[in-house]
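Participant: Before I ask anything, let me first share the structure, which is written out below as structure tokens.
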Amino acid sequence: MTGAGDRRPVGGGASRGAHGDPILTLRGVGKAFDNGVTALSGLDMEIRDGEFLSLLGPSGCGKSTALRLIAGLSAPTSGVIDHARPAAERHSIGFVFQEPTLMPWASVFGNVHLPLRLKGQSRRAAEPAIEEALERVGLAGFRDAYPRELSGGMKMRVSIARALVTRPSLLLMDEPFAALDEITRFKLNNDLLALWKQLGCTVVFVTHSVFESVFLSTRILVFRARPGQVAAEIAIDPHVPRDEAFRTSADYAGMCRRTSQALAAAMGESAGGGGLA
Amino acid sequence: MPLVVGAVVVVAWDLLVRLNNLPPYVLPSPEAVLATLVKDWSVLFASLLVTLRITVLALLAAVTGGGLLALVFASARIVELSLFPIAVLLQVTPIIAIAPLMLIYLQPDTAVLVCAFIVAFFPILSNTTMGLNSVDPNLRDLFALSGASRLQSLLLLRLPAALPYFLSGLRIAGGLALIGAIVAEIAAGSAGQGSGLAFRVVESAYRLNIPRMFAALLLISLTGIFIHGALSLLSWLALRRWHESALDPGR
């Protein structure tokens, strides 16, 4: 399961048998915190195998809470979360936080080693997987650097490498690029799409950026706040090539406008004012 | 720059003594202090070793005791809540007030050691406990997602996160251990016991041997500076690769 030769089929096509089947379903899920805040109520959604799903919504709409529930980091106060496969057959989950969340006392190598180390793999045994993960995010030469010595974008790449090193079938990302400048963000968007195609994993991506969600996703769930629920679902043709031409195309602008309107409607505002910048 | 300031102070001190023709029993000149330091070196050096030994032993005991107790505190909140007030009580009661009691219960050497330990113990306990509880919540989630055991979380996450706090507590404790040792020695010395540097200070005062008093004080200060320097070096060596406190300000 952790060997370097364990390469899953390339995603993006209809060739895989299980492709598109739900791997995780949330039904009537609610989450209330001890301080009385109800973050989610009656949330229904599913995650389909191989898709790139974005959870889009304003701050405080419960999308990050939903991601934590999906990860199993907290339990819902009502409703059920159904896994298509029993726990033993599930692949591990990769999680990328909003901040890089690296251990400052460990080198890049040590940070990427962490998930495997916690599963009992020695440095030597884990080295090929670590080198491969670092290569995938373009940090092959930085294994001995410390987080302090890296830029914000590079730290985020290390964080992604750490999430990929266990070869997860489900990659959860909580606004990972929100704190980065636009140039770095576009670059990481492109690299993330390339990784997703190579690895064929399922990605759930939390964002508050309409443009980012349309550029990356095969499906967008627009959240409304207080209480957090899915307000709209937007499907985006997975076969459209996501390149710089797409980023400036009329199709892309149209989909951004539709998504903006859905978001504005979810936020209870008039859709007319939500034009594009 | 600090060297220049130091030199100016010494020269001013020398001038003050010369111009006013102050006798050595009021204020000895710097040369007189140095001469006494050389002349009485065998006595003073033996006393220095006594004080240094007590300070180092007290610091080691404080590191062991404070560190272990911090681990216990961090493992269960109820233990921290029940025992922390006792630690605070020991900390806020001036050591000079506890020392006479210790001297009744314990041998003088042991009493001095215990006093130095009591003052050095608290900053290590308090800082290490805080450090062990100051883990990035996202990293804690990451460890939980990866199925980390309690021991793995402690060794790979909480201990490294606590290290800067511990080292900062250690630097404070180093200075306090010396102060505790000196204070307790004075308490013991006035009862006619002990032979550490503080005892030499008190003894010289009785004999109005002011130059030797200055020489002993100088040695105490130098010991304090040495301890501080050594612990700062240790801290820098441990943190230089990753912690903000060890950053080169020129970067």
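Read the figures in this text as sums done on the coordinates, not as results from a lab. This is a predicted model, so every value here is computed, not measured. Using ideal geometry, Cβ is built from the backbone for each residue, glycine included, and neighbour counts are taken over all protein chains shown.
Participant: For the structure I just gave you, tell me whether residue B:184 is more than 14 Å from chain A (Cβ to nearest Cβ) and in contact with a Cys (Cβ under 6 Å, 6 or more places away or on another chain).
Facilitator: Here the answer is yes, as residue B:184 does meet what is asked.
Quick grid of which residues meet (1) farther than 30 Å from residue A:42 by Cβ; (2) aromatic (Phe, Trp, Tyr); (3) not in a loop (DSSP other than H, G, I, E, B):
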| site | (1), (2), (3) |
| --- | --- |
| A:157 | yes, no, yes |
| A:178 | no, no, no |
| A:186 | yes, yes, yes |
| A:191 | yes, no, yes |
| A:214 | no, no, yes |
| A:230 | no, no, yes |
| A:240 | yes, no, no |
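Participant: Moving to a separate point now. From the list B:159, B:145, exactly one residue is more than 9 Å from every other protein chain (Cβ to nearest Cβ) and either surrounded by fewer than 24 Cβ atoms within 10 Å (Cβ to Cβ) or without any contact (Cβ under 8 Å) to a residue 12 or more places away in the chain (or both). Which is it?
Facilitator: Exactly one of B:159, B:145 is more than 9 Å from every other protein chain (Cβ to nearest Cβ) and either surrounded by fewer than 24 Cβ atoms within 10 Å (Cβ to Cβ) or without any contact (Cβ under 8 Å) to a residue 12 or more places away in the chain (or both), namely B:159.
Participant: Determine whether segment A:155-162 contains at least one residue that is buried (at least 19 other Cβ atoms within 10 Å of the Cβ) and hydroxyl-bearing (Ser, Thr, Tyr).
Facilitator: There is at least one residue in segment A:155-162 that is buried (at least 19 other Cβ atoms within 10 Å of the Cβ) and hydroxyl-bearing (Ser, Thr, Tyr).
Participant: Report the residue count in segment B:133-142 for those that are over 33 Å from the mean Cα position of the chain (by Cα), in contact (Cβ under 8 Å) with a residue 12 or more places away in the chain and facing chain A (nearest Cβ under 7 Å).
Facilitator: 1
Participant: Can you find, within segment A:73-110, the residue that is nearest to the other protein chains (Cβ to nearest Cβ) among those that are in a loop (DSSP other than H, G, I, E, B) and under 18 Å from residue A:34 (Cα atoms)?
Facilitator: A:73
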